[in-house]
Amino acid sequence: MQIEQLTYSIGAELTGVNLAHAIHDDGLFAEIRSALLKHRVLFLRDQDITRAEHVAFARRFGELEDHPVAGSDPENPGLVRIYKTPDQPNDRYENAWHADATWREAPQFGAVLRCVECPPVGGDTMWANMVLAYENLPAHVKTQIADLRARHSIEASFGAVMPIEKRLALKAQFPDAEHPVVRTHPETGEKVLFVSAFATHFTNYHTPERVRFGQDANPGAGDLLRYLISQAYIPEYQVRWRWKKNSIAIWDNRSTQHYAVMDYPPCHRKMERAGIIGDKPY
């Protein structure tokens, strides 16, 4: 296996490897897992594997989970189908910068995403290194956010387009989760800036140390949250991947955010993602 670093900050491409072999080869899998912790997102081309092999490889990292809104492959639980087709003219929205499923009490460890079909041009995905985003924050901001916690909501994101009854039922099933604004990576010990598009507000900002008058709380807290979320937008923290059929991305959801670029005309973009269950941030 060869590893080619793609940017200074994040991302590497693996060549000379078939992920189907890593299902049964402990040594090969250990190399891939080590490279993931170092580079945060790994890319591979020409991985003509079956859905069953896709799921089996991802399961080496941990158990998989379905998504309550996006549909899964009926024969392979845990393999979420992210399909955009020309007959969905009103479903052109992709996403904002985010880490997957932070609205869960235990957000995902990471994911293995395979391109089934993609546009001839456009539809790239970008990832950002949120360890570097934290490291480069001004010292006074690090002090200000050290003990802050934020709520993350599926109701305010996926639920926003639903009729109110369905939206409230979704929230009842998945109440807003609360996580530290700065989490600690459970394997590397690194500090990670952990707010993204799913974060709605801080839960412990309004204290005498931070707030003199109401104006300090609003818009003070909102301005700070928007500033923190915007750190993922900085190009120096990012890598951008151009998809081709049977390309694969593997990423560490605990230390990155990603963004699917919506820059292609109505056409097919079919992706399949195996999301790996994670742990509660601390």
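The values are calculated or read from the model by the stated rules, or taken from the named source; none is laboratory data. Because the structure is predicted, anything quoted here is derived from the model rather than measured. FYI the Cβ positions are ideal-geometry reconstructions off the backbone, even for glycines, and counts take in every protein chain you see.
From the list VAL211, VAL192, which residue is modelled with pLDDT under 95 and either assigned to a helix (DSSP H, G or I) or in contact with a helix residue (DSSP H, G or I) (Cβ under 7 Å, 6 or more places away or on another chain) (or both)? Outline the logic, then answer.
Details: VAL192 fails: modelled with pLDDT under 95.
On inspection, the qualifying residue turns out to be VAL211.
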- [ ] Would you please list the contacts, defined by Cβ atoms under 6 Å and residues six or more apart or on different chains, that run from a residue in the range 136-147 that is without any contact (Cβ under 8 Å) to a residue 24 or more places away in the chain and within 15 Å of PHE202 (Cα to Cα) to a residue that is basic (Lys, Arg) and surrounded by 15 or more Cβ atoms within 10 Å (Cβ to Cβ)?
- [x] none
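Take the conditions closer than 27 Å to GLU117 by Cα, at pLDDT below 95 and not in a strand (DSSP E or B) and apply them to PRO266. Does it pass?
Working: closer than 27 Å to GLU117 by Cα: yes; at pLDDT below 95: yes; not in a strand (DSSP E or B): yes.
Against the criterion (closer than 27 Å to GLU117 by Cα, at pLDDT below 95 and not in a strand (DSSP E or B)), PRO266 qualifies.
Between ALA260, ALA169, ALA274, which is out of contact with any helix residue (DSSP H, G or I) (no Cβ under 6 Å at 6 or more places or on another chain) and touching a residue at least 60 places away in the same chain (Cβ under 8 Å)? Reasoning before the result, please.
Details: ALA169 fails: touching a residue at least 60 places away in the same chain (Cβ under 8 Å); ALA274 fails: out of contact with any helix residue (DSSP H, G or I) (no Cβ under 6 Å at 6 or more places or on another chain).
Answer to the selection: ALA260.
State yes or no: is HIS67 loosely packed, with under 14 Cβ neighbours inside 10 Å and assigned to a loop (DSSP other than H, G, I, E, B)?
Details: loosely packed, with under 14 Cβ neighbours inside 10 Å: no; assigned to a loop (DSSP other than H, G, I, E, B): yes.
No; evaluated as a whole, the condition is false for this residue.
Residues checked against (1) hydroxyl-bearing (Ser, Thr, Tyr); (2) under 27 Å from PHE29 (Cα atoms); (3) buried (at least 16 other Cβ atoms within 10 Å of the Cβ); (4) in contact with a Phe, Trp or Tyr (Cβ under 6 Å, 6 or more places away or on another chain):
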residue: LYS84; (1), (2), (3), (4): no, no, yes, no
residue: GLN108; (1), (2), (3), (4): no, yes, yes, no
residue: GLY123; (1), (2), (3), (4): no, no, yes, yes
residue: LEU132; (1), (2), (3), (4): no, yes, yes, yes
residue: LYS142; (1), (2), (3), (4): no, no, no, no
residue: ASP147; (1), (2), (3), (4): no, no, no, no
residue: LYS166; (1), (2), (3), (4): no, no, no, no
residue: LEU170; (1), (2), (3), (4): no, no, yes, no
residue: GLN173; (1), (2), (3), (4): no, no, no, no
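Answer yes or no: is there a residue in the range 231-250 that is part of a helix (DSSP H, G or I), modelled with pLDDT of 95 or more, among the aliphatic types (A, V, I, L, M) and farther than 22 Å from LEU42 by Cα. Outline the logic, then answer.
Of the range 231-250, the ones part of a helix (DSSP H, G or I) are 231-233, 235-237.
Add one more test, that the residue is modelled with pLDDT of 95 or more, and what stays is 231-233, 235-237.
Now narrow it down to the ones that are among the aliphatic types (A, V, I, L, M): 232.
Filter once more, so that each one left must be farther than 22 Å from LEU42 by Cα: none.
No: the range 231-250 contains no residue that is part of a helix (DSSP H, G or I), modelled with pLDDT of 95 or more, among the aliphatic types (A, V, I, L, M) and farther than 22 Å from LEU42 by Cα.
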- [ ] Considering only the range 251-263, state which residues are over 16 Å from ALA96 (Cβ atoms) and in a loop (DSSP other than H, G, I, E, B).
- [x] ARG254, SER255
Open item on the list: Cβ-Cβ under 6 Å, sequence separation 6+ or interchain: first residue in the range 96-123 and within 21 Å of GLU65 (Cβ to Cβ), partner β-branched (Val, Ile, Thr) and assigned to a strand (DSSP E or B). Which pairs?
Closed with: GLN108/ILE276; PHE109/ILE276; GLY110/ILE276; VAL112/ILE250; ARG114/ILE248
Open item on the list: All but one of (1) in contact (Cβ under 8 Å) with a residue 60 or more places away in the chain; (2) exposed (fewer than 14 other Cβ atoms within 10 Å of the Cβ) hold for THR7; state the number of the condition that does not hold.
Closed with: (2)
Task: Scan of the range 190-226 for residues that are among the basic types (Lys, Arg) and crowded, with 17+ Cβ neighbours inside 10 Å, ordered by number - done: LYS191
TODO: Residue by residue through the range 16-43, note down the ones that are touching a strand residue (DSSP E or B) at 6+ places or on another chain (Cβ under 9 Å) and surrounded by 21 or more Cβ atoms within 10 Å (Cβ to Cβ).
DONE: LEU19, ILE32, HIS39, ARG40, VAL41, LEU42, PHE43
Open item on the list: Any residue that is modelled with pLDDT under 90 and either of a type in the set (D, E, K, R) or part of a strand (DSSP E or B) (or both) - is there at least one of those in the range 93-107?
Closed with: yes
